Amino acid sequence: MAIDPSQVPRFAHGSRVPGWDDSADLTKDPAVVPDPATTPVPDHVRVAIEAQMAKYPDVRSAAIPALHIVQREHGWCSPTAIEQAACVMRLTPAYLTALATFYDMFSTTPKGRHDVYVCTNISCSLLGADAVYEAMLSAAGDDPDFHVKAFECLGACDIAPMASVDGEYVGPLELEDCARIVEDVKAGREVLPDKQLRKRKAAG
Amino acid sequence: MKQLFENIDDPELATLDGYSRRGGYEMLRRALQTEPQDVLQEMLDSGVRGRGGAGFAMGKKMSFIPKGTMDKYLVCNADESEPGAFKDRELMQKNPHQLIEGIIIGAYAIGANKSFIFIRGEYKYPADVLDAALAEARAAGYIGERILGSDHTLDLVVHRGAGAYICGEETALLDALEGKRGNPRLKPPFPAVQGLYKGPTLINNVETLMNVPVVMRLGGAEYAKIGTETSTGTKVVSISGCVQRPGNYEVVLGTSARKIIFGLAGGPPEGRTIKAWFPGGSSAPVLPGTDEYLDLPYDFDSLAKAGSMLGSGSIIIVDDSIPIVDVALKTAKFYRHESCGKCTPCREGTNWTVKMLERVRTGEATPMDLDIMASVQEQIIGNCLCVLGDSMAMPIGSMIKHFREEFEAHIEAAREQNGLGAAIPQVNRGRQAGPYPMLDPADVDPTAAVA
C-alpha cells in the first residue's frame, strides 16, 4: 500500500515531519553579521565579551562565555541578546543560536531570573529526586521569577537528592526544604545555609 | 594512603600559602630543573592510568605528542558529567593548586604553552575557586612568561562550559572549546596529533593531572609500587545511591569492592541488600550484588575481566527495593537526552531503547521485546564516532542479561495491573535469543496476534 505524500498533513511550520528544534522562517533572508552602527550593545557587555575573546587564540572560543554574559544581562538568550553577542564577536546570529539551542544552560525562551536545577538522574532518583522535583515545582508555583528545571546529573551524588539554586549546590533535600528554598531566594538570603555542599566535609 | 585527599578539609589548602606550606609547587621547581624528557620518563615509569574513564596510560598518551616547536596545547577535562561521578568537583574545590601544578608540569613535559581547564558550567563554585587559585598562581609567577626563571612559558584559561554531557568526550570537548556545538570528531587523527585548533593536544582528567606532582614527588618507579601491577596509584572513588555514607573516598587501587562499599560507605541501608551496582559510573555495565562480584579487587583489569569497567571510579549502589526497570529507564532517558545526534545508531538507538523500556514499564511489551532491545544495544556498540551510545548500550545490555527474569516478571505484573490480559504469543522475527524458541508461523493464529 503506497502512501500518497500529498495526503500527509503538514505541520504549522510547513514540513510534514514534526521537527526537532524551532523551525526557521523560510520567508526571511538569512541574518548577516550585525552592523555595529545599528546594533546598540551596552558598554559593559561589550567589554566583558571582548575580555573573553582576548583569552583565546581563536576568538570563536569565546562564544560560550559570550552567551553566558548576554544571558545574564537579558535573562535569557533572546534574539536581541544573541544579536548583541554576534555583533561583538563578528559572527552570524545563526551561529550563536545553534550553540544556544545545543547547551542545556542556555534558554532560547524567556525564563525566570532564578535557576533552580533539580537533579533527577540515577543516584538522586534512587533517593527520591522525582518527588523533590514535583515539590519544587509546586513550591515555586507560577512565580515568574523561578525557573525550575529537572537537570541531568549535576555531579553531587554525595548529597542526593540535591538541587542547584543559582549555582549553589544544596542537599540532601527533604520535601519541605523546597518551600524554604523559595523563601530564601525571595528574601535574598543565603539558600539553605545548613545544607550547602561547599560547607560539607569530605567523606575520606 | 592519601595522595590527593591529604588535609583535604583544611580550608587553607585552597590558598597558595597553605598549599606551599605543605610542599606545594616544590615539584614544579624540581621538574623545571630537569629536562622535559625526564619528566615524561617519570610518568611512563609510574604507569599512572587516566582517571577519566578510558584508563589509558598517561605517560604513553604524553609520549604521542610530537616533539619540536609548534603550537601544542594541554587541556584539562573537568567536564565531570557522568552520573555518579563527583570526585573532580571535590578535588578542584578543595585542592585547586595541586591541579594547577600538575597542569604546569604536564605542559612542561610535552612543550605546551597554552593550557585550558574545561569545567562544566554547572560547577560555579569550583570554577570560582579555580579562578581565584589561578590568579594567585599567576601573581606568584607560576603561570606566565618564563616560569621561575626557566624557558618555559605557559598560559592557563579556565573555560566554563554550558551543560552538555557529551563535552566530557575528548573530541567533543575540543569542539566546544573552539566555540562550536559539542560534536565528537572522527578519529584518527587523534587529539595528540591534531586536536585543539589543529595543534597536538594532550587531554587529561582532573584527577590524572593531580597525580603528576605526586609522581614527581615519589618518583615514577616508587609510585608504580602503589596499587596493583597494572593499576598503579590511589583512586578517588565516588560512591552514591543506596548507601549509608555516600561520598568520595581515596583508596589504593586493588582494594576489594566490598571494603569500599561496606567498610567505607557503610553498605546499603539497614535491612536491605545490594541488588546491583555500577562499578564505574552509569556508563559501566552493572554487576549483581553477589559475593562473586563484591569480592573483586577494585582496579582496571579485575573489573574488565568481570565484564564491567572502572570508568571514572564512581560506584552507584542499587538496593533490592528499587525495580531494575526504573533504573534502566532513567539511564536510557539520560543518554537519549545527551546524545548529540550526530551518529544514527546512538541518536535512534537511545530513543528506541527509551520507548521500549516505557512499554516494558506499562506492560505493553512482550518478553520478545527484551531480545529486540538487547539486539538494539549490540547494534550501537562500536558503530559511532564516540562511546556515548555504547555508554547506554553497555549498562542496559548488562541489565537485561543479569536481570532478565525481573524484566519479564515486571512485564507480567504491569500487564495484569493495567488490564491488558495474558501475554500475546508472537512470532520471533528477530535473532533467536534467550529461552524463547522460534515459533513456526504456521502454528500461530494470525488473527490472535493482532491486538
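Pick from segment A:116-135 the residues that are not in a strand (DSSP E or B) and not hydrophobic (A, V, I, L, M, F, W, C): which of them is farthest from the other protein chains (Cβ to nearest Cβ)?
Step by step, filter segment A:116-135, then rank; the result is A:GLU134.
In this structure, B:SER282 does not qualify as among the hydroxyl-bearing types (Ser, Thr, Tyr), over 17 Å from B:ARG51 (Cα atoms), within 11 Å of chain A (Cβ to nearest Cβ) and crowded, with 18+ Cβ neighbours inside 10 Å. Among B:ALA109, B:ALA85, which is the only one that is within 13 Å of chain A (Cβ to nearest Cβ), among the hydrophobic types (A, V, I, L, M, F, W, C) and in contact (Cβ under 8 Å) with a residue 60 or more places away in the chain? Matching residue, one of B:ALA109, B:ALA85: B:ALA85.
In summary, helices (runs of 4 or more DSSP H) completely within segment B:1-81 and bearing 1 or more residues that are touching a helix residue (DSSP H, G or I) at 6+ places or on another chain (Cβ under 9 Å) and within 29 Å of B:THR228 (Cβ to Cβ) occur at B:26-33, B:36-46, B:58-63. Restricted to segment A:102-115, and to residues there that are hydrophobic (A, V, I, L, M, F, W, C) and under 15 Å from A:ARG72 (Cα atoms), the residue that is nearest to the other protein chains (Cβ to nearest Cβ) is A:MET105.
Only one of the numbered conditions (1) assigned to a helix (DSSP H, G or I); (2) touching a Phe, Trp or Tyr at 6+ places or on another chain (Cβ under 6 Å) is violated by A:SER107, and that is (1). Under 8 Å between Cβ atoms, at least 6 apart or on separate chains: pull out the pairs that start in segment B:201-212 with a residue that is over 16 Å from B:THR171 (Cα atoms) and without any contact (Cβ under 8 Å) to a residue 60 or more places away in the chain and end on any residue that is among the basic types (Lys, Arg) and assigned to a helix (DSSP H, G or I). Hits for this filter: zero, empty list.
In segment B:339-351, the residues that are at positive phi form Cβ pairs under 9 Å with partners that are assigned to a loop (DSSP other than H, G, I, E, B), at six or more places apart or across chains, as follows: B:GLY341/A:TRP20; B:GLY341/B:ASN183. Within segment B:256-266, the set of residues being crowded, with 20+ Cβ neighbours inside 10 Å and away from chain A (no Cβ under 11 Å) comprises B:ALA257, B:ILE261.
Restricting to segment A:113-148, what's the tally of residues that are closer than 30 Å to B:VAL236 by Cα, of a type outside the set (A, V, I, L, M) and buried (at least 18 other Cβ atoms within 10 Å of the Cβ)?
8
Among the residues that make up segment B:41-53, is at least one of them of a type outside the set (Lys, Arg) and without any contact (Cβ under 8 Å) to a residue 24 or more places away in the chain?
Residues of segment B:41-53 that are of a type outside the set (Lys, Arg), as a first pass: B:41-48, B:50, B:52-53.
Applying the additional criterion that residues be without any contact (Cβ under 8 Å) to a residue 24 or more places away in the chain yields none.
Within segment B:41-53, none of the residues are of a type outside the set (Lys, Arg) and without any contact (Cβ under 8 Å) to a residue 24 or more places away in the chain.
Screening the candidates B:THR201, B:THR153 for the property of being crowded, with 20+ Cβ neighbours inside 10 Å and either modelled with pLDDT under 95 or not small (Gly, Ala, Ser) (or both) yields one hit, B:THR201. The criterion of at least 2 residues that are within 12 Å of B:MET210 (Cβ to Cβ) is met, among helices (runs of 4 or more DSSP H) falling completely within segment B:83-147, by B:87-94, B:96-110. With respect to (1) within 10 Å of chain A (Cβ to nearest Cβ); (2) in contact (Cβ under 8 Å) with a residue 60 or more places away in the chain; (3) outside any strand (DSSP E or B); (4) within 30 Å of B:GLY47 (Cα to Cα), the lone exception for B:LYS187 is condition (1).
Taking the conditions exactly as written (within 11 Å of chain A (Cβ to nearest Cβ), part of a loop (DSSP other than H, G, I, E, B) and either at positive phi or acidic (Asp, Glu) (or both)), does B:GLY271 satisfy them or not? Here the answer is no, as B:GLY271 does not meet what is asked.
For segment A:164-179, the set of residues classified as within 11 Å of chain B (Cβ to nearest Cβ) and either hydrophobic (A, V, I, L, M, F, W, C) or over 12 Å from A:LEU192 (Cα atoms) (or both) consists of A:VAL165, A:ASP166, A:GLY167, listed by residue number.
Among the residues of segment B:66-84, those that are hydrophobic (A, V, I, L, M, F, W, C) and modelled with pLDDT of 95 or more comprise B:LEU74, B:VAL75, B:CYS76, B:ALA78.
Among the residues of segment A:155-168, those identified as under 17 Å from A:ALA131 (Cα atoms) and either of a type in the set (Lys, Arg) or not in a strand (DSSP E or B) (or both) are A:CYS157, A:ILE159, A:ALA160, A:PRO161, A:MET162. Any residue that is away from chain A (no Cβ under 14 Å) and over 22 Å from B:GLN194 (Cβ atoms) - is there at least one of those in segment B:52-74? Taking every residue of segment B:52-74 in turn, at least one turns out to be away from chain A (no Cβ under 14 Å) and over 22 Å from B:GLN194 (Cβ atoms).
Scanning segment A:140-154 turns up one or more residues that are more than 13 Å from every other protein chain (Cβ to nearest Cβ) and within 30 Å of B:VAL243 (Cβ to Cβ). Entry remark, segment B:144-180: residues being more than 21 Å from the chain's Cα centre (by Cα) and facing another protein chain (nearest Cβ under 7 Å) number 3 in total.
Screening the candidates A:ALA66, A:ALA98, A:ALA86 for the property of being in a helix (DSSP H, G or I), within 14 Å of another protein chain (Cβ to nearest Cβ) and out of contact with any helix residue (DSSP H, G or I) (no Cβ under 8 Å at 6 or more places or on another chain) yields one hit, A:ALA98.
Does segment A:54-84 hold any residues that are buried (at least 20 other Cβ atoms within 10 Å of the Cβ) and of a type in the set (A, V, I, L, M), and which are they? Answer for segment A:54-84, where residues must be buried (at least 20 other Cβ atoms within 10 Å of the Cβ) and of a type in the set (A, V, I, L, M): A:ALA62, A:ALA63, A:ILE64, A:ALA66, A:LEU67, A:ILE69, A:VAL70, A:ALA81, A:ILE82.
The values are calculated or read from the model by the stated rules, or taken from the named source; none is laboratory data. If you're wondering where the values come from, they're calculated on a predicted model, not measured in any experiment. Positions of Cβ are backbone-derived with ideal geometry, glycine not excepted, and every protein chain shown enters the neighbour counts.
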